[in-house]
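> The structure that follows is given in the form of structure tokens.
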Amino acid sequence: MLKIRNVLVNYLKKSVFYWKYRNFFQRKVWDNYLNDSNSPRRLIYKKFVKKYKLKSVFDFGCASGPNYFTLLSEIDFYFGFDISQSAINTIKRKIKYSSSNYFFTTNIQLFKEFLTINKLNKVDLAIYDRVLYLLSYKEVENHFNCYGSFFKYVIIDDFYSENIVADNDNYLKTKNFIFLLKNFNLIEVKDSKFKPWNDFTKNYSKILIFKNKNK
């Protein structure tokens with residue numbers, strides 16, 4: 001029975017429906033993300049922001065805001081995007097003030113409006129915390145073609161290899177992010193802080209740090 005459930009969940013994870021309505025499958029998922037704001041895998045972003053004195057962040061797949069709460073004391077501007085309205089509602093309930101400096105939305109097209117309102121021509125750091133593996137190569141390529149010019153640094157925590165590798169038992173697949181981020185230089189690769197749960201996630205979970213060639 002458990003095996004059938006796992007197969008069903010893995011199948012659902014390939015769909016947008018699951019990620020938009022994840023709270024129906026995991027009731028406390030967004031509260032759990034908030035409790036994760038001080039975990040080692042979040043603190044890597046804080047250390048990077050402090051090291052380079054970065055003040056603005058774009059967070060793709062922000063969930064209920066763990067990275068926001070991790071970075072809040074260091075940054076002046078934050079744009080968080082997630083496809084789940086439930087996730088966005090959760091973070092909005094936790095914030096006790098309103099400011100155009102900190103924006104959370106399910107509409108990524110509002111990012112350029114966010115830049116205009118705050119008189120920014122870029123954000124210092126774009127974070128992709130275990131989210132790009134859900135997208136196709138073409139979707140990732142289109143995303144960076146559309147928004148990549150607005151980022152100075154990019155940190156991707158995901159499944160990486162030069163050649164595509166798939167997990168036969170799950171929905172997981174690696175991507176060559178160096179190939180996809182053509183206008184960026186790779187400046188560092190290291191092991192992810194995510195806890196692995198099989199050989200695939202142990203071998204291919206990486207943190208890649210990029211810098212825009214033009215910024």
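> If you average the alpha carbon positions of the stretch 172-215 and of the stretch 64-134, how far apart do those two centres end up, in angstrom?
Value for the Cα centre distance between the two parts: 22 Å.
> Also, I was wondering about something else. With all pairs of different alpha carbon atoms counted, what Kirkwood hydrodynamic radius in Å does the stretch 67-155 show?
Taking every pair of different Cα atoms in the stretch 67-155, averaging 1/r and inverting gives 14.1 Å.
> Then there is this: Net charge near Lys55: determine it from the other residues with C-beta under 9 Å of the C-beta of Lys55, scoring Lys and Arg +1 and Asp and Glu -1. Numbers along the way, then the final one.
Details: positive: Lys53; negative: Glu74, Asp76, Asp124.
In short, -2.
Values in this text are rule-based calculations from the coordinates and carry no lab data. It should be emphasised that the depicted structure is a prediction, and the values quoted were computed from it without experimental measurement. Please note: Cβ atoms are built from the backbone with ideal geometry, for glycine as well, and neighbour counts cover all protein chains shown.
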